[in-house]
Amino acid sequence: MSPSRGRRPGRPENSTGPDQRSQLLDVAVQQFSEHGISGTPLSRIAREARVTPALLHYYFGNKDQLVDAVVRERVLALMAPALQSVTQPSPGDGASHLLDRFVATVLETVSAAPWLPPLWVREVLTEGGLLREMLIREVAPRVTGAITEAIERDQRQGLLNPDIEPRLVPISVIGLTIFALATRSLWSRFPGNQDIDTATLIRHVRALLSSGLSGG
């Protein structure tokens, strides 16, 4: 029999186009978050998505290409607003305003994507994590550079606490935001913590940074 009209050679019969590709990426990020990238074979993703492995190979070729798609279309796309908040500041923005906006954007964005914090811990913070190089190459220079320069500029003008080490501020912010969300399932079980929501966390982190930066 000849191939169905409109179907490219090699395209599985049950393929439905961009929507299905997006759904496969959603399943992949969830599985990577739960089991790690190395611990998630394509067969697991196909099984969870209820498709054949051939469909994954059709859309992504191999696992490396799937991971690359997850990085570009899920991780970096999700973090784009947070990156823009520090790399494209409003005219006249000082370091405090820049950090205030960055913290709020990160916490709001990441809270809406519960798969990201555990993926971050598994693949960035853990030794041998497969996304470390992506962070160093794609994210760290843009974020750390912008924040460090803003801190140093305001310190020279006498606007910020001179004891603050500018190079450590991005690390502190990541600890107060992404790491805090990554450990949420733990600290939210502590007595009295059950009602701490994202808005409370944003307010808390902003207050900590504001007090520390001002030196008051």
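The values are calculated or read from the model by the stated rules, or taken from the named source; none is laboratory data. Please read all numbers here as calculations on a predicted model, not as lab measurements. Every residue, glycine among them, receives a Cβ derived from its backbone with ideal geometry; neighbour counts consider all protein chains shown. Ligands, DNA and RNA are excluded from the accessible area calculation, which covers all protein heavy atoms including side chains. Shrake-Rupley method; radii C 1.70, N 1.55, O 1.52, S 1.80 Å.
Mind checking the full-extension length gain between residue 149 and residue 72? Use 0.36 nm per residue of separation minus the Cα-Cα distance, one decimal, nm.
25.1 nm
What is the extension gain from residue 186 to residue 161, computed as 0.36 nm multiplied by their sequence separation minus the C-alpha to C-alpha distance, in nm to one decimal?
Full extension from residue 186 to residue 161 adds 5.7 nm.
Give a residue-ordered list of calculated ³J(HN,Hα) values for segment 187-195 (Karplus: 6.51 cos²θ - 1.76 cosθ + 1.60, θ = phi - 60°; whole Hz; x for Gly, Pro).
6, 5, 8, 5, x, x, 9, 5, 9
Out of 145, 92, 175, any idea which swings most in a Gaussian network model of the chain, alpha carbons joined below 10 Å?
Evaluated over the chain, the most mobile residue of the options is 92.
Average projected area of the Cα convex hull of segment 129-183, in nm²?
Result: 4.4 nm².
Rounded, prolate or oblate, given the Cα gyration tensor of segment 124-216, with a/c below 1.5 counting as rounded?
Oblate, since a/c reaches 1.5 and b/c is not below a/b.
Can you give the FRET efficiency to the nearest 0.05 for residue 121 and residue 207, using r as the Cβ-Cβ distance and R₀ = 25 Å?
With R0 = 25 Å, the Cβ-Cβ based efficiency is 0.50.
Using each residue's phi in segment 32-41, evaluate 6.51 cos²θ - 1.76 cosθ + 1.60 at θ = phi - 60° and report the 3J(HN,Hα) Karplus result to the nearest Hz, with x for Gly and Pro.
These are the phi-based 3J(HN,Hα) values: 4, 5, 7, 10, x, 5, 5, x, 10, x Hz.
With percent of Cα pairs over 25 Å apart in mind, check (1) 49; (2) 32; (3) 40 and report the label derived from this structure.
It is the value labelled (1).
Which value in nm describes the separation of the simple spin-label points at residue 43 and residue 65, placed 7 Å from the Cα toward the beta carbon?
2.1
Given axes a ≥ b ≥ c from the Cα gyration tensor, I'd like to know whether segment 59-149 is rounded (a/c under 1.5), prolate (a/b larger than b/c) or oblate.
Prolate shape, in that a/c is at least 1.5 and a/b is the bigger ratio.
Taking all protein chains as present, what is the carbon and sulfur share of the accessible area of the chain, in % to the nearest whole number, probe 1.4 Å?
About 54 percent, which is the carbon plus sulfur part of the accessible surface.
Hey, if we sort 38, 85, 43 by accessible area with the 1.4 Å probe, largest down, what's the order?
38, 43, 85
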